[in-house]
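S.K.: Sharing a structure with you now.
The values are calculated or read from the model by the stated rules, or taken from the named source; none is laboratory data. Treat the numbers as computed from the prediction; the structure is a model and nothing was measured. Here Cβ is always computed from backbone atoms with ideal geometry, including for glycine, and neighbour counts include all displayed protein chains. Side chains are part of the model used for accessible areas, which takes the heavy atoms of the whole protein and leaves out ligands, DNA and RNA. Shrake-Rupley method; radii C 1.70, N 1.55, O 1.52, S 1.80 Å.
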Amino acid sequence: MMLDELDRAVIHALHIDGRAPFSRIADVCGVSTQTVARRYRRLRSGAGLRVVGVLDRDTGPETHWTVRLTCTPAATQALAHSLAARPDTSWVKLTSGGTEIFAIVHVPDGAGDKEGTGAPHAMLLHDVPRRAGITAVSAHCLLHTYLGGPTAWRGITRALTPEQQERLRPPAAADPRPLTAADHALLDVLRHDGRAAHTALAAATGWSQATAARRLAGLRASGTLFFDVEVDSARLGGTAQTLIWMSVAPGRLDDVATTLAGHDELAVVAATTGPTNLLAQALCDGPADLHRYLTRELGALDGIRTVETAPVLRTLKRAGAVRASPPARTAGRGA
């Protein structure tokens, strides 16, 4: 499936406001509402497009850990699928030719181990090592996100002009109250379908539709919740997806990470604990383009001591929950 300028504009619009009515996107793009609806359905079926609600990793009430599992080839597929099915994981990837699994584990604040370190042992690592075929396990805490989360790979944010982008931005209505059980029920619906209708949100929370809409707006405005756009990056030129782990001199970490966050090839830049303290995800147009980036751009930066790369073979889970079938009814004319 080839993407044209309107396809890219619809994707860009949904990145700005994942719940924007098709009528507003159509007005900004200068086409009919029916045309946007058709493109949305086409992108969902042909490019894996989905809008999902996600807690912001820097402001939300969770700690996030990167987990790497080295496995025998026979064990990798089954373990990766079981990790993807868990509600406390995201970005589950097969890397390094299928011999390693990468995942992010989400640990609610205060739900760490008995020593109170916040480490994810109680939620993941205590059971995973018992599986046959795992030869190594490591976990490192995500400390700060420079690129990723509410910001995005520039491959999906180039279609609209600044004026068009401004017309799509949702209004602010901050509501910084702590999350409740009903909030978590609302978030669970949005993890599956960020465009779920207010009727579905009201049914899940027990609130009225108006209350659900107000609380949703408040969570967005406070920065606790944002909407991520999942789409096949290969359709946008990112055919070579690679995870990059770097060891950077502590005094240079912030400068290096800020510089990397401005690189068009990167979709994620995050500081972590561990022997490598900077993680990035590159989306390049093939191996030659990746080699050019590593040698000419990444290699030109002072302060990077070591670099480890792991090509991504397959992504089993992105930011949202694993897709359910059939998909939930979505909000088209109004959200």
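S.K.: What figure, in Å² to the nearest 10, do you get for the accessible area of H144 with a 1.4 Å probe and non-protein molecules left out?
M.R.: That residue has around 80 Å² of solvent-accessible surface.
S.K.: Quote the convex hull volume per residue of segment 137-255, based on C-alpha atoms, as a whole number of Å³. Don't skip to the end; give the middle numbers.
M.R.: On the way: hull volume 23.2 nm³, N = 119.
Value for segment 137-255: 195 Å³ per residue.
S.K.: Further question on the same structure: Considering just Cα atoms, how many Å³ per residue does the convex hull of segment 228-324 enclose? List each step's numbers first, then the result.
M.R.: Details: hull volume 10.8 nm³, N = 97.
Here the figure is 111 Å³ per residue.
S.K.: Run the accessible area of the chain with a 1.4 Å probe and give the carbon-and-sulfur part as a rounded percent.
M.R.: Whole-percent figure for carbon plus sulfur exposure: 54.
S.K.: Then there is this: Give me the three principal axis extents of segment 41-84 from the C-alpha atoms, as integers in angstrom, largest value leading.
M.R.: Taking the Cα atoms of segment 41-84, the three principal extents are 38, 33, 12 Å.
S.K.: Working with all protein chains in place, sort L316, L190 by solvent-accessible area computed with a 1.4 Å probe, largest first.
M.R.: L316, L190
S.K.: If you don't mind, another one. In Å, the Kirkwood hydrodynamic radius of the chain over pairs of distinct alpha carbons?
M.R.: 20.9 Å
S.K.: Could I ask something else about it? Using a 10 angstrom Cβ neighbour count of at most 15 plus a DSSP loop assignment to flag exposed trypsin sites (Lys or Arg not before Pro), which longest range of the chain is free of such sites?
M.R.: With trypsin sites (Lys or Arg not before Pro) excluded where exposed in loops, the chain gives 159-322 as its longest stretch.
S.K.: For segment 1-106, restrict the atom set to alpha-carbon positions and state the Rg and Dmax in Å.
M.R.: 18.1, 53
S.K.: What whole-number value in Å² describes the accessible area per residue of the chain for a 1.4 Å probe? Walk me through the numbers before you get to the answer.
M.R.: On the way: 14970 Å² over 335 residues.
Accessible surface, normalised per residue, equals 45 Å².
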